[in-house]
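A.B. asks: Starting off with a structure, shown below.
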Amino acid sequence: MQIKCKVNHQEKIFETSPTTRVLDLLREDGLTSLKEGCGEGECGACSIFMDKKLVNSCLLIAAQIKGREIMTLEGLQEETKELRENYVKEGGIQCGFCTSGFIMRSLDYIQNGGKKNEKSVKEAFDGNLCRCGGYQKIVEATIKSMK
Ligand code: FES
Ligand code: FES
């Protein structure tokens with residue numbers, strides 16, 4: 001089946017089964033910022049934006065992105081520049097496996113006018129898991145990136 005959509009501002013046509021997971025489809029297309037942590041919608045490591053909404057790509061199948069606009073971290077380099085720098089400066093990255101997903105969550109939080117306080121950021125991040133336990137630094141990096 002042909003799946004037409006936009007990925008990182010480019011028109012794409014995927015030849016694939018309609019039930020292929022979007023996580024696999026995009027990773028096989030070279031977009032390896034997406035990681036498979038749990039594969040069950042619990043960790044946020046596979047986060048993408050679909051029509052500007054943050055979603056877990058492990059829970060989506062190819063047929064669901066037909067005609068949609070998909071953004072991955074690869075396509076959001078400018079928008080996440082300050083966040084990425086602050087994650088490094090604040091020590092918010094350890095093994096790095098969860099990092100792309102957290103940066104996508106931070107961006108979503110900031111773009112949606114999230115409050116600049118620790119409690120609110122922590123609550124907003126409850127869909128993301130870091131097995132290295134780097135939460136505090138990630139929260140600090142996010143707050144530092146807010147105006
Ligand atoms: Fe998708 Fe964990 S791999 S939410
Ligand atoms: Fe290792 Fe988060 S930095 S899983």
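A.B. asks: Mind listing whichever residues of region 101-137 are within 15 Å of Gly37 (Cβ to Cβ) and open to solvent by less than 80 Å² (accessible area, probe 1.4 Å)?
C.D. replies: Correct list: Gly101, Phe102, Ile103, Met104, Arg105, Phe125, Gly127, Asn128, Cys130, Cys132, Gly133, Gly134.
A.B. asks: Sticking with this structure for a sec: If we scan region 55-68, do we find a residue that is assigned to a loop (DSSP other than H, G, I, E, B), touching a residue at least 60 places away in the same chain (Cβ under 8 Å) and charged (D, E, K, R)?
C.D. replies: yes
A.B. asks: Also: Count, please, the residues in region 92-133 that happen to be within 27 Å of Ile70 (Cβ to Cβ) and not in a helix (DSSP H, G or I).
C.D. replies: The number of residues fulfilling the criteria is 16.
A.B. asks: Across region 75-89, what is the number of residues that are within 16 Å of ligand 2 (Cβ to nearest atom), in contact with a helix residue (DSSP H, G or I) (Cβ under 7 Å, 6 or more places away or on another chain) and not charged (D, E, K, R)?
C.D. replies: 3
A.B. asks: On to the next question. If the requirement is being open to solvent by 20 Å² or more (accessible area, probe 1.4 Å), within 16 Å of ligand 2 (Cβ to nearest atom) and either touching a helix residue (DSSP H, G or I) at 6+ places or on another chain (Cβ under 6 Å) or without any contact (Cβ under 8 Å) to a residue 60 or more places away in the chain (or both), which of these qualifies: Gly44, Gly92, Gly39, Gly30?
C.D. replies: On inspection, the qualifying residue turns out to be Gly39.
The values are calculated or read from the model by the stated rules, or taken from the named source; none is laboratory data. Source: prediction; values computed, not measured. Quick reminder, even Gly has a Cβ in these numbers, built from the backbone with ideal geometry, and neighbours come from all protein chains shown. Calculation scope for accessible area: heavy atoms of the full protein, side chains included, ligands and nucleic acids excluded. Shrake-Rupley method; radii C 1.70, N 1.55, O 1.52, S 1.80 Å.
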